[in-house]
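The values are calculated or read from the model by the stated rules, or taken from the named source; none is laboratory data. Keep in mind the model is a prediction, meaning the values are calculated, not measured. Cβ sites come from the backbone with ideal geometry, for glycine too, and all protein chains shown count toward neighbours. Just so you know, the surface numbers come from the protein's heavy atoms only, side chains and all, with ligands and any DNA or RNA stripped out. Shrake-Rupley method; radii C 1.70, N 1.55, O 1.52, S 1.80 Å.
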Amino acid sequence: MHTAFSELSSLARSIDRTSVKGEVTSALGLVLTVSGLERAVGIGEHCTVHGSGGAVLAEVVGIDVTGIKLLPFGSWDGVRTGDQVEVTTSGADIRPDDAWIGRVVDALGRPLDDKGHLPEGDRPRALRAAPPPAFARRRVGPRLATRLKVVDAFAPLCRGQRMGVFSGSGVGKSTMMAMLARNAQADVIVVGLVGERGREVQDFLQDDLGEEGRARAVVVVSTGDEPPLMRRQAAWTATAVAEHFRDQGKQVLLLLDSVTRFAMAQREIGLAGGEPPTAKGYPPTTFAELPRMLERAGPGTGDAGDITALYTVLVDGDDMDDPIADAVRGIMDGHIVLDRRIAEQGRFPAVNLLRSISRMLPDCHAPEEYAIYRTARRALARYVDMEELIRIGAYRPSSDPEVDAAIKLYRPLEALLGQSKRDAMEPSETFARLHACLTDAGIEVPDTKS
């Protein structure tokens, strides 16, 4: 009897959700207020607004005594008071398929390229899935060869690791991400372009990523002119696609550009929903959503593969203490800092070696590789300490043998680490050349065999 009553109750709730209709009562900015659906939907669920300009998919972002608050995935143009609103499941999940590899999709999983129909998989995948249980996950795996010399040697990436790439605008984040997509060891690449400039999407796909990169990548695109819900959902969609391939036992490289634009979209959503602003205007939900999304990447469980992830963080005015940068840095397993001064000097990728670190060190390097890394880093730090005196001619040669050796090393090291976007080098060769640079500069690398 109890079971039958429960089934009847569930059926009644289902009938209520599909039959109850609401209507628009007011619109202010991006927020639409709808009455009549307060008991039928909850926060995060989707509705369809039937306006004179057509149906508009929307999400519930708030509920109060006046009704539910909706934000659009499109535009409210043509919507008027009294228009009908109904509950829908559209856009609540996606159905990735292996045929998505090589394709470009939007935040809702719809094709953006000219390659025709996009097949859907059999299994729906929630956009806001929970991360794998912490105690069921494997540990981070062995080093993943990116074939970017500066990364493999000074900020190595391991399977299942999450790394942040921090920089100001125009310092080469997107180009570096494309180099990783073309060169890194992975079965599938998932690229999320969140809030990207519309003009640069084709440049990234055709010039930076190229046919070689696109052949094994799924690219999710949401441009900066799209509503905040679409920009936020693009990050979730890219993560859900990566989870689909991870669960097949594949090694997935997830590249998300950028977390900052995801946070800005969440800020717009939170403020529109009535949340109080906190640091730099970001509402509390922004800092709650960041770990919920970022923790979904990482090592898998059981027979699943891993999601190795790189997230770019756009720091305003190169301020590394920006609230979003600070929050992301605390979640990541390391960070790569791109330096505008290095970019202006012409070395790309413009990675600041002393400010970048991988938390997988020293275990991800072989002992002899770690000895080379430490020796080169120490010599570079010595040079940076004396750089101003060297540039103005205040340092006298032979005053300090370590500084003399560091000066001799600096230019060959910069030349070695510079890399065009079409070049690639195996880690073993990178360390061999780095060792040769140290030897030529008269710097001895400690023997790890004795």
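See the values below:
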read-out: Fluctuation leader among Ala263, Ala240, Ala99 - the chain, Gaussian network, Cα springs under 10 angstrom; value: Ala99
read-out: Set of aspartates and glutamates near Lys250 by C-alpha distance (under 13 Å), chain-local residues within fewer than 8 positions excluded; value: Asp98, Asp187, Asp303, Asp306
read-out: Value of Rg/Rh across segment 367-441 [Cα atoms, Kirkwood radius]; value: 1.02
read-out: Accessible carbon and sulfur surface of the chain relative to its total accessible area, %, 1.4 Å; value: 51
read-out: Per-residue [θ]222 nm for the chain (sum of -39500 (n - 2.57) over DSSP H runs n ≥ 4, rounded to 500); value: -11000 deg cm²/dmol
read-out: Solvent exposure of segment 93-358 as accessible area per residue, Å², 1.4 Å probe; value: 35
read-out: Surface accessible to a 1.4 Å probe, Ile63 within the full protein complex, Å²; value: 80
read-out: Solvent-accessible ranking of Glu402, Glu211, Glu368, largest area first, probe 1.4 Å; value: Glu211, Glu402, Glu368
read-out: Qualifying GluC sites (Glu not before Pro) for segment 244-351 [loop in DSSP, other Cβ within 10 Å: at most 10]; value: none
read-out: Proximal lysines to Lys21, defined as alpha-carbon separation beneath 22 angstrom and excluding residues fewer than eight positions away on the same chain; value: Lys69
read-out: Kirkwood hydrodynamic radius of segment 211-349, Cα pairs, Å; value: 16.4
read-out: GNM result for the chain, Cα springs below 10 Å: residue of Gly192, Gly160, Gly116 fluctuating most strongly; value: Gly116
read-out: Accessible area per residue, Å², segment 17-88 with all protein chains present, probe 1.4 Å; value: 46
read-out: Two-decimal ratio, segment 17-88, of alpha-carbon radius of gyration to 2.2 N^0.38 Å; value: 0.93
read-out: Contact order normalised by residue count of the chain, Cα under 8 Å, 6+ apart, percent; value: 16
read-out: DSSP bridge pairs, the chain: antiparallel proportion in percent, nearest 5; value: 55
read-out: Sites Ala432 and Ala27, calculated FRET efficiency, Cβ-Cβ separation with R0 56 Å, nearest 0.05; value: 0.30
read-out: Where trypsin sites (Lys or Arg not before Pro) in DSSP loops with at most 12 other Cβ within 10 Å are excluded, longest remaining stretch of the chain; value: 140-421
read-out: Accessible heavy-atom area order of Thr301, Thr66, highest first, probe of 1.4 Å; value: Thr66, Thr301
read-out: Pairs of Cα atoms farther than 23 Å apart, segment 93-358, %; value: 48
read-out: Partners for Lys280 among aspartates and glutamates (Cα-Cα distance below 12 Å; same-chain residues under 8 apart left out); value: Asp316, Asp321, Asp322
read-out: Heavy-atom accessible area per residue - segment 367-441, 1.4 Å, Å²; value: 57
read-out: Long-range tail of P(r) for the chain (Cα pairs > 32 Å, %); value: 45
read-out: Segment 68-226 - share of DSSP beta bridges that are antiparallel (%, nearest 5); value: 35
read-out: Accessible surface, 1.4 Å probe, highest first, among residues His46, His244; value: His244, His46
